[in-house]
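A.B. asks: What follows is a structure written as structure tokens; I'll ask about it next.
Values quoted throughout were computed directly from the atomic coordinates according to the rules given, and no laboratory measurement underlies them. Everything numeric here is computed off the predicted structure, so don't read it as measured data. Please note: Cβ atoms are built from the backbone with ideal geometry, for glycine as well, and neighbour counts cover all protein chains shown.
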Amino acid sequence: MVFGGGALLISATLAASTFVIARHYLLDQRQQAAIRQTYLDADLVHARLSSSGARIPAALDAADPPQGGALIVRRDGQWFTTALGTGQETIPAGLRQRIRSGRPGYVRVMVDGSPTMIIGVPSEGTRTEFYRVTPLTELDDTLRALSTVLVFSACLAAGAGIMLGLWASRKVVQPLNLVASTAAEIAGGQPDTRLPATEDPELTTLVGSFNSMVDSLQQRVESDARFAADVGHELRSPLTTLVASVELLEQHRRELPARAVQAIDLVSGDLARLQRLLDNLLHMARTDAGLDLSDRAPVPLRELLLHTLARAGKPARLLRDETTGVTVHGDKVLLERAFANLVDNADRHGEGLVAITVQRDEDEVLVVVDDEGQGVPVEDRQRIFERFATSRTARGSSSGTGLGLSLAEKTLSAHGGTLWCTDRPGRGARFVAGLPVAAP
Amino acid sequence: MWASQRQATRGRLCHDGRMAARLLVVEDDDRIRTVLRLGLETEGYDVAEAACTEDALELFRANPPDLMIVDLMLGGLDGFACIREVRRTSDLPIIVVSARTDTHDIVAGLEAGADDYVTKPFQIKEISARLRALRRRTASLVTPGEQPAADLVLDSGPDRRLVLSPSRGTVRCGDEDLHLTLTEFNLLCELATAPGRVMSRQLLLERVWDQGFFGDERLVDVHIRRLRTKIERDPGAPRMVVTVRGLGYRLDPQ
């Protein structure tokens, strides 16, 4: 648009100066011609008068008065003219004065609404004043036509400028738009997207470096993911043996001495924690790579929470559902893990889960998880959602995996929800998870 | 081999006097294989072990088991190849064990022909419960004295008469038996208990796989797909086993 404005300005300036110069030149030409003609006419009339003693009107007629104009002569105080209606009154007093004083002169005036040039020449001393009245209408028409053409071409040039500007800017911006949309696609979970190869030598560098940047980023992400998967695989195998072996041992706990049973309980307790840590860690790695929510389905929230409580070994009465049964849209396994982590957090850091309350808030459903611990200081209410936030304030064996709350927060936001921490009225901390209610 | 395996009860005697089910464990990790054997022998199975696909197939041909547990990550031929090879001749229940929880691997394992999956680390009782669920219907089908369920005509077309016979454990197309796996057969029987009515994935998951709320509904979807390729005229445009969007599946006898 700026380009178009510039084009308009430049072409208008050019047109205006062309017009001024042309006008000046044409007028000048015309004026010179008219003055020359006037002298010729004056000489002719004078010659006629002096040689043949002809009368003035006849001499004037022979002098060929200009089209639409007139020749006017004042001789011995008497006025003669070749055109009716164009007489001495046409001639401005100033010009008359000048001629009478023996000097030639000219003036441009409006006569009957049209531009006219009047040239005066004295002859025979001051006995005769000779005036030539030349209409400039023709010149004016020419100038008007010229100005029309100039305005028109200025507009045309501006239009063409705008078009050119748009085309040029589109040509410049188009690859940038493509880069932007490609980057958005990649960020939106299509890491295989690349810029198409181009013939344009000016763009080859851009396309090449963009694509190689994405390539190396993707390799990095993939190697990270592979690393997480490999670590997971390597850790899962020994963990499988451990879990199953401890399970076998526990089947025989009655045959074991009390101290051995105690040891087995310790092992199985920490094994469960290790397992949860590994699960959360792998889950976190996958969450970082963008949660795969392709398995989303309608999930009845009450059932989900009841099963979550059951899995955590909690009684069902801890759930207070104040809704008429709400369905959310999501991945039930991921959501279970998120809520299980909240329950786990209440147990580990909040001296026990008090209640899970489900409330409907217009298009949202709030799951309120209360504990009766010391609560969370205001300044820590953001920090606790960071990874391994607990490890900095680790308190012996009660510390959790340090990933639970972070993972819960990430899972809920991937489901279009939120998670925040506040005070429970009275005592303890309150975690509120908001999730959009699925359309029925 | 197909029909006879549904009633296979050879092998050593169990504690309660019944014949123990024979189980083949294919797993390349010695320790996991050993603990599986220990645990599942305690549960009353007659366990054979194989460390790779090649050994497993040899054992399988020499002495066909009743059930299989297959790890997907094996050296040499992987678990998918093992399952596909076994499925060419047998309908026995197969459980996949995977260290990966990727959607892709699990679905691929099921597509290859597995009936269920368990991710590592698992507990013996979890595997044992899955095995029991997969065998449950087999046992009930041959329970003597039970009122046999009536045959159901699935497709009455003259050129392609398809009959489900729950009591005999067969689906016949004309004069031929269709080769359905045990789970596919059970799934079809479950749908056939209420032809024309929608059954939710969750319900099918509970009835066929004996799994609770957190069961994986993809099990149902993959098995429905496999079932369709065997019984539908055009599996790409199924008319017998119909998907009811958002609700589940429905059996429409033609």
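A.B. asks: Can you give the mean number of other chain Cβ atoms that lie within 10 Å of the Cβ atoms in peptide A:272-285?
C.D. replies: For this peptide, the per-residue mean of nearby foreign Cβ atoms is 1.
A.B. asks: Ok, one more. Whole-Hz Karplus ³J(HN,Hα) for region A:321-326, in order, using 6.51 cos²θ - 1.76 cosθ + 1.60 and θ = phi - 60°, x for Gly and Pro?
C.D. replies: Couplings: 9, 9, 9, 8, x, 10 Hz.
A.B. asks: Then there is this: What residues have an amide H closer than 5 Å to that of A:Gly330, excluding those fewer than 5 places away on the same chain, when H is modeled at 1.01 Å from N in the peptide plane?
C.D. replies: Distant-sequence amide H within range of A:Gly330: A:Ala297, A:Val299.
A.B. asks: Once you have a ≥ b ≥ c as the square roots of the Cα gyration tensor eigenvalues for the protein assembly as shown, tell me rounded if a/c is under 1.5, and otherwise prolate or oblate according to whether a/b is larger than b/c.
C.D. replies: Cα axes put the protein assembly as shown in the prolate bin.
A.B. asks: Give me, ordered by chain and number, the residues 5 or more places off B:Leu154 or on other chains with an amide H under 5 Å from its own placed amide H.
C.D. replies: Placed amide hydrogens put B:Leu162, B:Val163, B:Leu164 under 5 Å from B:Leu154.
A.B. asks: Averaged over B:115-124, how many beta carbons belonging to a partner chain fall within 10 Å of each residue's beta carbon?
C.D. replies: Whole-number average of other-chain Cβ neighbours for B:115-124 is 5.
A.B. asks: While we're here: Relative contact order for chain B: what percent, with Cα pairs under 8 Å and sequence separation of 6 or more?
C.D. replies: 14 percent
A.B. asks: Further question on the same structure: Evaluate E = 1/(1 + (r/R0)^6) for A:Leu156 and A:Ser101, where r is the Cβ-Cβ distance and R0 equals 51 Å; express this FRET efficiency to the nearest 0.05.
C.D. replies: On the way: r = 52 Å, r/R0 = 1.02.
My answer for the efficiency is 0.45.
A.B. asks: May I pose another question? Count the net charge of all other residues whose Cβ sits under 10 Å from the Cβ of B:Gly215, scoring Lys and Arg as +1 and Asp and Glu as -1.
C.D. replies: -2
A.B. asks: Multiplying the sequence separation of A:His252 and A:Gln67 by 0.36 nm and subtracting their Cα-Cα distance, what value in nm do you get?
C.D. replies: 53.2 nm
A.B. asks: Starting from the amide H of B:Val241, placed 1.01 Å from N in the peptide plane, find each other amide H under 5 Å away whose residue is 5 or more places distant or on another chain.
C.D. replies: B:Asp252
A.B. asks: Once you charge only the Cβ atoms, +1 for Lys and Arg and -1 for Asp and Glu, what is the size of the charge dipole of chain A about its Cα centre, to the nearest 20 debye?
C.D. replies: 1700 debye
A.B. asks: Now for a different question. Residue-wise, which Karplus ³J(HN,Hα) couplings in Hz belong to region A:133-146, taking 6.51 cos²θ - 1.76 cosθ + 1.60, θ = phi - 60°, and x for glycine or proline?
C.D. replies: The phi angles translate into 9, 10, x, 9, 3, 4, 4, 4, 4, 4, 5, 5, 4, 4 Hz.
A.B. asks: Moving on to the next point. Which whole-Hz ³J(HN,Hα) couplings does region A:202-214 yield from phi under the Karplus relation 6.51 cos²θ - 1.76 cosθ + 1.60, θ = phi - 60°, glycine and proline marked x?
C.D. replies: Result, ordered by residue: 6, 9, 4, 5, 4, 4, x, 6, 4, 5, 6, 4, 5 Hz.
A.B. asks: Between A:Arg387 and A:Ser181, 0.36 nm times their residue separation minus their Cα-Cα distance comes to what?
C.D. replies: Full extension from A:Arg387 to A:Ser181 adds 71.0 nm.
A.B. asks: Using only DSSP helix segments of four residues or longer, with each worth -39500 (n - 2.57), what per-residue ellipticity at 222 nm results for chain B after dividing by its residue count and rounding to 500? Working shown, then result.
C.D. replies: Values: 9 runs with 98 residues, N = 254.
It lands at -11500 deg cm²/dmol.
A.B. asks: Counting other C-beta atoms within 10 Å, and keeping those with at most 14, which DSSP coil chymotrypsin sites (Phe, Trp or Tyr not before Pro) do you find in region B:178-230? Spell out each step's value before the answer.
C.D. replies: On the way: sites: B:Phe185, B:Trp209, B:Phe213, B:Phe214; in loops: B:Phe213, B:Phe214.
Sparse-neighbourhood loop chymotrypsin sites (Phe, Trp or Tyr not before Pro): B:Phe214.
A.B. asks: Right, here's the next one. Under the 0.36 nm per residue contour assumption, what length would be gained going from the current alpha-carbon distance of A:Val231 and A:Arg360 to full extension?
C.D. replies: In short, 42.3 nm is gained.
A.B. asks: When the expected Rg is taken as 2.2 N^0.38 Å, what fraction or multiple of it is the alpha-carbon Rg of chain B?
C.D. replies: Working: Rg = 18.0 Å, N = 254, 2.2 N^0.38 = 18.0 Å.
Dividing the Cα Rg of chain B by 2.2 N^0.38 Å gives 1.00.
A.B. asks: Additional query: Can you tally the net charge around A:Arg48? Count Lys and Arg as +1, Asp and Glu as -1, for every other residue whose Cβ sits under 11 Å from the Cβ of A:Arg48.
C.D. replies: Cβ neighbours under 11 Å give a net charge of -2.
A.B. asks: Further question on the same structure: Compute the angle between helix A:2-52 and the longest alpha-carbon principal axis of chain A, please, reported from 0 to 90 degrees and rounded to the nearest 10.
C.D. replies: Approximately 0 degrees, to the nearest 10.
A.B. asks: Using just the alpha carbons, could you tell me how many Å³ per residue the convex hull of region A:205-287 encloses?
C.D. replies: For region A:205-287, the hull spanned by Cα atoms encloses 70 Å³ per residue.
A.B. asks: A follow-up question, please. Which of A:His252, A:His307 has the fewest other C-beta atoms within 10 Å, and how do the rest follow up to the most?
C.D. replies: Going from least to most buried by this count: A:His252, A:His307.
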